[in-house]
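These notes are about the structure you will find just below.
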Amino acid sequence: MAGRYLETHFTPEVLAAQEHYYGRPQLIPPQPERDPLTAEETEFIDRRESFYMATVTSDSWPYMQHRGGPAGFLRVLDPQTLGFADLKGNRQLLSTGNLATSDRVSLFLMDYPRRERLKILGYARVLDAREHRDFADQLTPKPELRSKVERLFLIDVVSFDWNCPQYITPRYTEDEIRHIVEPLKKRVAELERELEKATANRK
């Protein structure tokens, strides 16, 4: 766990709540300004096909949006920078508009089969893909999606935190289920062939 994440969230109000319910606050020593992503976080992010991103509206309401794409569409550009291509959607531009007021974002990444979750804090900015064509080419997850890229999101990572697996219910995508079931299907086919041969030999 990177300490900067907790230091950022342990506001006086949070510490007061901890003291009220548990008798004492969780005090942590001063932390560095940033916690760079390590190889462990990079590998986890590279495997993700989706994540949730929270922004804040100009009148302080939180807004959470799901982002999805091919595995690895959220790119680790360096230990302190993430980037992804924003594809054409419903044209509401809620996250984009919110970032014009406050550049703070929170990302929530889940791995349901492994019961792992990674939270990331950062500062985000949005680039017009029409004005940064080479960069848009770089961030486009698949060539066939290039024509749908309208914006580019860059996130300056402040810190991150791994959650424990408690209460995470395992869930699987179609591809993950197919990967699990395929060896079983092959084994069933082998047993069926052996049964056919055994039955034929008895005749």
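Could you list which residues have their amide H under 5 Å from that of Arg151, counting only those 5 or more apart in sequence or on another chain, with H placed in the peptide plane? Amide H neighbours of Arg151, under 5 Å, 5+ apart: Asp86, Ala129.
Comparing Leu99, Leu15, Leu145 in a Gaussian network model of the chain, where Cα atoms under 10 Å apart are tied by springs, the biggest mean-square fluctuation is seen for Leu15. Largest accessible area first, the residues Ser106, Ser60, Ser95 order themselves as Ser60, Ser106, Ser95 under a 1.4 Å probe with ligands, DNA and RNA left out. Residues in the range 147-160 carry Karplus couplings, in order, of 5, 9, 6, 10, 9, 10, 9, 10, 10, 8, 6, 9, 6, 8 Hz; the curve used is 6.51 cos²θ - 1.76 cosθ + 1.60 with θ = phi - 60°, and Gly or Pro positions show x. Here the 3J(HN,Hα) profile of the range 167-173, calculated from phi with Karplus coefficients 6.51, -1.76 and 1.60 at θ = phi - 60°, is 6, 8, 7, x, 9, 9, 7 Hz, Gly and Pro shown as x.
Near Gln31, once Lys and Arg are set to +1 and Asp and Glu to -1 for all other residues with Cβ below 15 Å from its Cβ, the sum equals -2. Note on Arg187: accessible area approximately 120 square angstrom, rounded to 10, probe 1.4 Å, nucleic acids and ligands left out. The HN-Hα couplings worked out from phi for the range 64-75 by the Karplus form 6.51 cos²θ - 1.76 cosθ + 1.60 (θ = phi - 60°) are 10, 10, 8, 10, x, x, x, 3, x, 5, 8, 9 Hz, whole numbers, x standing for Gly and Pro.
For Glu116, nonlocal amide neighbours, meaning residues 5 or more places apart or on other chains whose placed amide H falls under 5 Å from its own, are Asp111. Between Thr8 and Ala100, how high is the FRET efficiency from 1/(1 + (r/R0)^6) when r is the Cβ-Cβ distance and R₀ = 25 Å? Nearest 0.05. Approximately 0.65, to the nearest 0.05.
Towards the positive end of the charge dipole of the range 34-107, with charges on Cβ (+1 Lys, Arg; -1 Asp, Glu), say which of Val56, Leu77, Gly97 has the farthest Cα. The residue sitting most towards the positive pole is Gly97.
Taking every DSSP helix (H) stretch of at least 4 residues in the chain, weighting each as -39,500 (n - 2.57) and dividing the sum by the residue count yields a mean residue ellipticity at 222 nm of -10000 deg cm²/dmol.
With every protein chain in place and a 1.4 angstrom probe, the accessible-area ranking of Tyr22, Tyr112, largest first, reads Tyr22, Tyr112.
Where does each of Tyr123, Tyr21, Tyr63, Tyr172 land when they are ordered by accessible area, with a 1.4 Å probe and the largest first?
Greatest to least solvent exposure: Tyr21, Tyr172, Tyr123, Tyr63.
Between Arg34 and Ala189, the contour length at 0.36 nm per residue exceeds the Cα-Cα span by 50.4 nm. Distance between the pseudo-spin-label points of His179 and Arg146 (7 Å out from Cα toward the beta carbon): 2.8 nm. What is the helix-to-structure angle for 174-202, meaning the angle in degrees between its Cα long axis and the longest Cα principal axis of the chain, kept from 0 to 90 and rounded to the nearest 10? Approximately 10 degrees, to the nearest ten.
GNM on the chain, C-alpha springs below 10 Å: top fluctuator among Leu154, Leu107, Leu191? Among Leu154, Leu107, Leu191, the largest GNM mean-square fluctuation belongs to Leu191.
The values are calculated or read from the model by the stated rules, or taken from the named source; none is laboratory data. Quick caveat: nothing in here was measured; it's all calculated off a predicted structure. Neighbour counts run over all protein chains shown; Cβ positions are idealised from the backbone, glycine included. The area values use the complete protein model at the heavy-atom level, side chains included, leaving out ligands, DNA and RNA. Shrake-Rupley method; radii C 1.70, N 1.55, O 1.52, S 1.80 Å.
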